[in-house]
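Participant: Sharing a structure here in structure tokens format.
Where a number appears in this text, it was derived from the coordinates with a stated rule and is not lab data. Because the structure is predicted, anything quoted here is derived from the model rather than measured. Glycine gets a Cβ as well: all are built from the backbone with ideal geometry, and neighbour counts include every protein chain shown.
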Amino acid sequence: MQYDYIIVGGGSAGSVMANRLSARSANRVLLLEAGIDTPHGAIPPDVHSSYPGTAYFNPDYTWNKLRVRLQPINKNLPESQRPELRNYEQARIMGGGSSINGQMANRGAPNDYDDWGRQGAKGWSWESCLPFFRKLERDMDHDDALHGREGRIPIRRIYQQEWTPYAKAVAEAMTELGYPYLTDQNGAFEDGHFPVTVSNLYDRRVSTAIGYLDPPTRLRENLEIRSETQVSEILFDGLRAVGVKAGRRGVSETFTGREVVLCCGAVHSPAHLLRSGIGPAGHLADMGIEVRHHLPGVGQNLMDHPSVACSTWLPGESRMTRKDARHIHVGARYSSGLHDAPPGDMFIVQVSKSGWHAVGERLGSLLVFVNKSYSTGEVRLVSKDWREEPEVEFNLLSDERDLDRLKDAFLRASAINLHPAVARVAGYTFPSSYSEKVRAMGRVTRRNEMISKAVGGVLDMAGGLRGTLIDRLITGGLRLRDMMEDDEALEGFVRATAVGVWHASCTNRMGADDDPMAVTDEQGRVRGLAGLRVVDASIMPSVPCANTNIPTIMMAERISDTVVSAG
């Protein structure tokens, strides 16, 4: 069958594109998703849950062979001395990241989108993006010029009546330390703390698969949805994309269409292009791939938000009581004033439990992000075989501006957790990190449940020895006092433990005609080719000061509107 649009990837952008393009009955639309489907009536409980800490670690929903390097790499060192390869949870499920992420619904700074225009993405600005932020959302709390009321993604705030004692204490400490209270995170972009905004209704997740691929949409005769179907090849006639090859359970099929739309994210969309001979000619030659079109920017400019954490012990009365309730309640943004960074360049988020298990329930955390980051990495192939995951290097903190601000942010988080208001409801405070040990413990298994119950029980009974046990069992001997008194120790900790927050972006960035590193134009069309478009976080010129889910949905709304209007 001939389609008008073949959408590869049913994630945050792909689900939006499928809905909006098929709304025009003359369009025949095919949506292909490598992961499982989540239709109404068959949404897995851990996906639907307001608490994301179980879905996120469920291997049924992620690309389990994907490994990345986070820290900068000295290419002169042997493999054994390079930063470790780590798991990087990228969604492989209908709805993509919106089906497993933290459901944080922030837009970023107006300057982010104005800056996209200044970087060569013609027509992108805060003024042009705001209508599409409003279009995607059904705001449950606000009805004014900044908010939408009729969109497919419900937006609400976690107000004080839902906060834990730890969250309330953090908010009190923030107020006294100079972070004023703001009623709306997505209102006027100002420094301060606020109730976090989430894409969540009646304490249940609403992914793009739930919001945009609802039963009426799925009944459209011109929309075909195929899950558990992985695309192995983009088909071309010269420089025009004409279809894809895809397989499901060992059976390969060919689908032809007028336009192929890649919505596979900042890791897999550039990999598709590279395997198709689209990218840096030298790298393609190294891989034995015939160059179809030299585009040196493919896979370059990889960005994320570097993050570290400061955690604290929570006694029983300060812990969450519902296992499936929201665990993130208070957020804050502030201006670092360092390195001429723009206003609101930093972010703090309070977490009322650090994992689904018994140890996680006993730990509250403050995560600090460099929201306006400058470090960049790259995505490259290791093989032309489509079954092989690409090589991913984030180079976090390779730009000293990110390192300096993250060190400062950790000290700010420490000051909040050590504030008397927090000390009244919490206990021992310590530096923490998302290590491979922590990740492994996050897997929902009976063994992890039993181990965490035993460790949690010991910590409950430890009394004055609790700090010593935490140092031995959790921090590996790192102590907060060392970080606060010794800049060298602080820098070592930050460099070693900084992680991204799963906001991979910018590897197929939009740009001007005369920009040799621009991969796509302002509508996501791949430069120099016909019938091929990319619509996902990879086309962002730079990562916004926000969790990337809502900005990605906004981009899909805006580009699909242009496509439908053009016929």
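Participant: Whole-Hz Karplus ³J(HN,Hα) for the stretch 224-241, in order, using 6.51 cos²θ - 1.76 cosθ + 1.60 and θ = phi - 60°, x for Gly and Pro?
Facilitator: 10, 10, 10, 9, 6, 10, 9, 6, 9, 7, 8, 9, 10, 10, x, 9, 10, 6
Participant: Holding the Cα-Cα limit at 20 Å, pick out from 353/453; 65/453; 168/353; 407/437 the pairs that are longer than that.
Facilitator: Going by Cα-Cα distance, 65/453; 407/437 fall outside the 20 Å limit.
Participant: What is the local net charge at residue 382, summed over the other residues whose Cβ is closer than 10 Å to its Cβ (Lys, Arg +1; Asp, Glu -1)?
Facilitator: In short, -2.
Participant: Tell me, what HN-Hα J-couplings in whole Hz come from the Karplus equation 6.51 cos²θ - 1.76 cosθ + 1.60 at θ = phi - 60° for each residue of the stretch 192-201, using x for Gly and Pro?
Facilitator: Couplings: x, 10, 7, x, 5, 9, 10, 8, 7, 10 Hz.
Participant: Right, next: Please report Rg (one decimal) and Dmax (integer) in Å for the Cα set of the stretch 47-107.
Facilitator: Cα-based Rg and Dmax for the stretch 47-107 come out at 15.2, 46 Å.
Participant: What FRET efficiency comes out for residue 451 versus residue 36 if R0 is 35 angstrom and r is the Cβ-Cβ distance? Round to the nearest 0.05.
Facilitator: 0.75
Participant: Right, next: Based on the Cβ-Cβ distance from residue 461 to residue 482, what FRET efficiency comes out when R0 is 22 Å, to the nearest 0.05?
Facilitator: In this case the efficiency is close to 0.25.
Participant: What share of Cα pairs, in percent, lie more than 13 angstrom apart in the stretch 199-256?
Facilitator: 72 percent
Participant: Using label points projected 7 Å from each Cα along Cα→Cβ, tell me how many nm separate residue 256 and residue 140, to one decimal.
Facilitator: 4.8 nm
Participant: Let me ask another. How big is the dipole moment of the chain about its Cα centre under a simple scheme where the beta carbon of each Lys and Arg is +1, that of each Asp and Glu is -1, and everything else is neutral? Debye, nearest 20, please.
Facilitator: Dipole magnitude for the chain comes out near 1580 debye.
Participant: I would also like to ask the following. How would you rank 347, 394, 189, going from fewest to most other Cβ atoms within 10 Å of each one's own Cβ?
Facilitator: By the 10 Å Cβ count, ascending, the order reads 189, 347, 394.
Participant: Starting with the fewest neighbours, write out 481, 558 ranked by other beta-carbon atoms found within 10 Å of each beta-carbon.
Facilitator: Arranged by neighbour count, lowest to highest, 481, 558 become 481, 558.
Participant: Kirkwood Rh, the stretch 12-122, all Cα pairs: how many Å?
Facilitator: Taking the inverse mean of 1/r over all distinct Cα pairs, the stretch 12-122 comes out at 17.5 Å.
Participant: Taking H placed 1.01 Å from N in the peptide plane, check which residues at least 5 places from residue 258 or on another chain put their amide H under 5 Å from its amide H.
Facilitator: Under 5 Å from the amide H of residue 258: 3, 4, 5.
Participant: Taking the radius of gyration and the Kirkwood hydrodynamic radius from Cα positions alone, what is the Rg/Rh ratio for the stretch 467-528, to two decimal places?
Facilitator: Dividing the radius of gyration by the Kirkwood radius yields 1.38.
Participant: Which one of 510, 520, 426 is farthest out on the positive end of the charge dipole of the stretch 409-524, using unit charges on Cβ (Lys, Arg +1; Asp, Glu -1) and the Cα centre as origin?
Facilitator: Of the candidates, 426 comes out farthest on the positive side.
Participant: Turning to a different aspect of this structure: When the Karplus curve 6.51 cos²θ - 1.76 cosθ + 1.60 is applied with θ = phi - 60°, which whole-Hz ³J(HN,Hα) does each residue of the stretch 427-444 get, with x for Gly and Pro?
Facilitator: Result, rounded to whole Hz: x, 4, 10, 8, x, 9, 8, 8, 8, 5, 5, 5, 4, 4, 5, x, 4, 7.
Participant: Using the 10 angstrom Cβ neighbour count as an exposure proxy, how do 451, 210, 328 rank, fewest first?
Facilitator: 451, 328, 210
Participant: Moving on to the next point. Give me the orientation-averaged projected area of the Cα convex hull of the stretch 239-311, in nm², one decimal.
Facilitator: Projected over every direction and averaged, the Cα hull of the stretch 239-311 covers 8.2 nm².
Participant: Need one number: the % of Cα-Cα pairs in the stretch 151-199 sitting beyond the 12 Å mark.
Facilitator: Beyond 12 Å sits 65 percent of the P(r) for the stretch 151-199.
Participant: Now for a separate question. Could I have the simple spin-label model distance between residue 514 and residue 240, label points 7 Å from Cα toward Cβ, reported in nm to one decimal?
Facilitator: 3.1 nm
Participant: Amide H neighbours of residue 381 under 5 Å, counting only residues 5+ apart in sequence or on other chains, H built in-plane at 1.01 Å?
Facilitator: Answer set, sorted by chain and number: 391.
Participant: Using only alpha carbons, build the gyration tensor for the chain and give me the equivalent ellipsoid semi-axes, biggest first, whole Å.
Facilitator: 38, 26, 23
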